[in-house]
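Visitor: This is the structure I want to talk about, given as structure tokens.
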Amino acid sequence: MSVERASSSKVTIKIPRILYNRLAEIVSGSGFNSVTDFVIYVLRDLASARDGVNALETKDERELSKEEIEAIRKRLKTLGYL
């Protein structure tokens, strides 16, 4: 990998020093190796949660088929809710 390619694969995000210091406190003693690793984890989690919300919104906009409703009823009955 060339230096040019490596430098273009990442960007720098500036945050206030006080926030960085607070995150460093949270990260110490956790399974994260650095504040950067923690921030990447949190941002990926937020991005994937947002993707999930978009997928749910799309599903909510359509009606369920009779087969889907029946499968849901069977599952709820198996779980003891019906």
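The values are calculated or read from the model by the stated rules, or taken from the named source; none is laboratory data. Given the structure is predicted, the values throughout are model-derived calculations rather than measurements. A quick note on method: Cβ atoms are made from the backbone with ideal geometry, for glycine too, and the neighbour counts reach across all protein chains shown.
Visitor: Would you say residue 4 is modelled with pLDDT of 80 or more and in a helix (DSSP H, G or I)?
Guide: no
Visitor: When segment 50-74 is examined, which residues are found to be at pLDDT below 80 and part of a helix (DSSP H, G or I)?
Guide: Matches in segment 50-74: 50, 51, 52, 53, 54, 55, 56, 57, 58, 59, 60.
Visitor: Picking from 18, 13, 26, which residue would you name as being hydrophobic (A, V, I, L, M, F, W, C), loosely packed, with under 11 Cβ neighbours inside 10 Å, at pLDDT 75 or above and under 20 Å from the mean Cα position of the chain (by Cα)?
Guide: When all the criteria are applied, what remains is 13.
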